[in-house]
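Peer 1: Dropping the structure in here first, questions after.
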Amino acid sequence: MRAALLTDYRQDFSVETVPDPLITDPNDVIVRVGAAGFCRTDIHLWDGQFDAMQKGAGVDLPFVCGHESAGWVQEVGAGVTHVAVGDAVLLHPLATCGYCKACRAGDDMHCTAGVFPGVLAPGGFAEYVKTNARAIVPLTGGLTPVQVAPLGDAGLTAYRAVRKALPLAVPGTRTVVLGAGGLGHIGIQALRALSQTEIIVVDRNTEALEHARGWGADHLVLAKDDRSHVAEVLELTHGAGAEVVIDYVGEGGAQQDGVELLGANGVDFLVGYGGTLEVEILGQALFPETSFVGNICGNYNELVELVALAARGVVKLTTTTFPLEGVNDALHALDEGRLIGRGILVPNES
């Protein structure tokens, strides 16, 4: 099969022929990839950040990235009964074991024996990807792989943070969304679909902000180097600060903005990453009783819920598609901040 290979850090991907994945377990599923989202995590893999975090014990190069995959079932193991060859499916990003304590609790992302295609195993930047039956979400309502692939990680991560925030984002409250990009544009729609909180969106990209109003934002604030946007947001909250901040950026100063934009008893939902959060414990954490909540992807049932929202048309992806051979165009467009919404590789047409 053809695959886009990461052969060296910070170098362009190379499209080459590699062996097809094989069924080796009764619960294995091989999917013909119809769409693979290009995520900022792929940028972190590309620049060697994962290898550095794991002190050289990260991925072995060459490597096939791509952890947001959708397509059509190509082959199944003998134990797979809920999908058949040809079915359109979306993949939960983690192929879980089903037996550990986390799996028994439905806490998929903390499975102790899970396989993570595209991060720690070959992923979807290829014609075929291997996962298991527990990761397969059948597509209904006429949804196609290109319409949903980024929901498998970006959408799920964005949705999980919104899901956690809902008890706080009640009518009369204000929620600040930092970032209207690949995650943020999904989170804004989910927040609007599920709550009546007042949504304030902050982003550096004027084009993304223009789209954000259509996604459900009530107020748009352009982030500036002089950080005057912080005062602008506080003015919108009449100086009280927001009840909720959802930080889909996590770097470049956004992580510090989030702390300053919260009011008393505010909750900062941390989603984006890459930066370091520094908090003055007494004045920014203890005295205002600020809470910080990490979010890593989401569980299988949350992905099913998100697909249901997509099928109803209340969450729609803004995307740019690229052929597999255009993987480096997608890479540089994302890395340079030129993509609105999500970039999607299309290794196979329907």
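The values are calculated or read from the model by the stated rules, or taken from the named source; none is laboratory data. Fair warning: this is a prediction, and the values are worked out from it, not measured in the lab. Positions of Cβ are generated from backbone atoms using ideal geometry, with glycine treated the same way; all protein chains shown enter the neighbour counts.
Peer 1: Just name the residue that is farthest from D153 (Cα to Cα) out of those in segment 103-113 that are surrounded by 18 or more Cβ atoms within 10 Å (Cβ to Cβ) and either of a type in the set (D, E, K, R) or at pLDDT 95 or above (or both).
Peer 2: Of everything passing the filter in segment 103-113, C103 is farthest from D153 (Cα to Cα).
Peer 1: Kindly check whether there is at least one residue in segment 246-261 that is at positive phi and touching a Phe, Trp or Tyr at 6+ places or on another chain (Cβ under 7 Å).
Peer 2: Step one: list which residues in segment 246-261 are at positive phi, which gives 250, 252-253.
Still in the running and touching a Phe, Trp or Tyr at 6+ places or on another chain (Cβ under 7 Å): 250.
Yes, that holds for at least one residue.
Peer 1: Now, a different point. Looking at segment 34-43, can you tell me whether even one residue there is crowded, with 23+ Cβ neighbours inside 10 Å, among the charged types (D, E, K, R), modelled with pLDDT under 95 and closer than 30 Å to V271 by Cβ?
Peer 2: The answer is yes, given that some residue of segment 34-43 is crowded, with 23+ Cβ neighbours inside 10 Å, among the charged types (D, E, K, R), modelled with pLDDT under 95 and closer than 30 Å to V271 by Cβ.
Peer 1: Does F63 satisfy being in contact (Cβ under 8 Å) with a residue 40 or more places away in the chain, aromatic (F, W, Y), under 25 Å from T319 (Cβ atoms) and touching a Phe, Trp or Tyr at 6+ places or on another chain (Cβ under 9 Å)?
Peer 2: no
Peer 1: Would you confirm, using the coordinates I've provided, whether A208 is free of Cβ contacts under 8 Å to residues at least 24 places away in the same chain, in a helix (DSSP H, G or I) and of a type outside the set (K, R)?
Peer 2: It is false that A208 is free of Cβ contacts under 8 Å to residues at least 24 places away in the same chain, in a helix (DSSP H, G or I) and of a type outside the set (K, R).
Peer 1: Could you check, for segment 172-190, whether at least one of its residues is over 21 Å from G294 (Cα atoms) and among the aliphatic types (A, V, I, L, M)?
Peer 2: No - not one qualifying residue is present in segment 172-190.
Peer 1: Do the conditions hold for P93, that is, is it surrounded by 17 or more Cβ atoms within 10 Å (Cβ to Cβ) and touching a residue at least 12 places away in the same chain (Cβ under 8 Å)?
Peer 2: Values: surrounded by 17 or more Cβ atoms within 10 Å (Cβ to Cβ): yes; touching a residue at least 12 places away in the same chain (Cβ under 8 Å): yes.
So P93 passes the test.
Peer 1: State the number of residues belonging to segment 257-277 that are surrounded by fewer than 18 Cβ atoms within 10 Å (Cβ to Cβ) and either assigned to a strand (DSSP E or B) or not β-branched (V, I, T) (or both).
Peer 2: Summing the residues that are surrounded by fewer than 18 Cβ atoms within 10 Å (Cβ to Cβ) and either assigned to a strand (DSSP E or B) or not β-branched (V, I, T) (or both) in segment 257-277 gives 6.
Quick grid of which residues meet (1) more than 18 Å from the chain's Cα centre (by Cα); (2) at pLDDT 95 or above; (3) over 17 Å from V230 (Cα atoms):
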{"position": "I246", "(1), (2), (3)": "no, yes, no"}
{"position": "E251", "(1), (2), (3)": "no, no, no"}
{"position": "V271", "(1), (2), (3)": "no, yes, yes"}
{"position": "I281", "(1), (2), (3)": "yes, no, yes"}
{"position": "E305", "(1), (2), (3)": "no, yes, yes"}
